[in-house]
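See below for the structure under consideration.
Each value in this text was obtained by applying a stated rule to the coordinates, not by laboratory testing. No experiment lies behind these values; they were computed from the predicted model shown. Reconstructed Cβ throughout: ideal geometry from the backbone, glycine too, with neighbour counts over all protein chains shown.
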Ligand SMILES: Nc1ncnc2c1ncn2[C@@H]1O[C@H](COP(=O)(O)OP(=O)(O)O)[C@@H](O)[C@H]1O
Ligand SMILES: [Mg+2]
């Protein structure tokens, strides 16, 4: 379980995070929704310390980080061990083939043997029907394939939580579907996922929990069913804006 308490982040006169308190249960899929600029990425990035709120706390298991104090490098590395992150734009190592993209982190960061890393990577590719891509280079892959490899690369590090920030928004619809199917499979396997998305059908299908943000605040924090049936006019306005 990850908990954040009273996160505050100010950029000039803008509040990116305003008294944000919530938790991210292990073994569940949490989907963060909200209009553009509402603080979704800032919240997601605070979890692995890519953004640093001005105040508030982050608790991972027994470890609590207080953002109002400086955070030392050892703590940053320890926190980041818990997370894998997938961004909107695929960011594979362009000079390495798919298999090597998957084994690089486990070998270099986790000190795994080459044989062990290869075994894990080969199993992951097989599990998601991507074995045929193992020796291809990123430029030989479609955008959807690249993004699926980026997800497997994050999984190869065996993180406790996988963070995904609009992982499909740079993709065409059919490529988006390929990526969403992988995420749905991972959700069904009870991986701990935290996903920012604008895809409402996907959110409805996979979310155990929904966090809805507006102006840096959490306006809804609860079940997916509760969110999609909410009578709150702000939520209704958002859902209306997202459909036609
Ligand atoms: N590095 C930054 N410098 C200044 N303002 C920022 C920075 N990052 C985010 N913001 C501002 O913080 C607010 C929340 O941004 P963000 O978390 O990226 O929103 P979202 O992901 O929901 O679109 C926005 O008003 C954005 O302009
Ligand atoms: Mg964002």
Summing -39500 (n - 2.57) over the DSSP H runs of n ≥ 4 in the chain and dividing by its residue number, what mean residue ellipticity at 222 nm do you reach, to the nearest 500 deg cm²/dmol?
-> -11500 deg cm²/dmol
Cα centroid separation, region 33-112 to region 182-244 (Å) = 22 Å
For 142, 51, 36, 68, order by how many other beta-carbon atoms lie within 10 Å, fewest first = 36, 68, 142, 51
If you build a Gaussian network model of the chain, linking Cα atoms that sit under 10 Å apart, which residue out of 104, 188, 146 swings the most?
-> 188
Taking R0 as 35 Å and r as the Cβ-Cβ distance between residue 81 and residue 115, the FRET efficiency 1/(1 + (r/R0)^6), rounded to the nearest 0.05, comes to 0.95
Hey, rough spin-label estimate for residue 72 and residue 136, points 7 angstrom out along Cα→Cβ, what's it come to in nanometres?
-> 4.6 nm
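Can you work out the FRET efficiency for the pair residue 200 and residue 172, with r the C-beta to C-beta distance and R0 = 25 Å, to the nearest 0.05? List each step's numbers first, then the result.
Working: r = 18 Å, r/R0 = 0.73.
Efficiency, rounded to the nearest 0.05: 0.85.
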Two pseudo-spin positions, 7 Å from Cα along C-beta at residue 184 and at residue 6, lie apart in nanometres by 4.2 nm
Tell me the label-point distance for the pair residue 36, residue 50, using the 7 Å Cα-to-Cβ offset, in nm and rounded to one decimal.
-> 1.9 nm
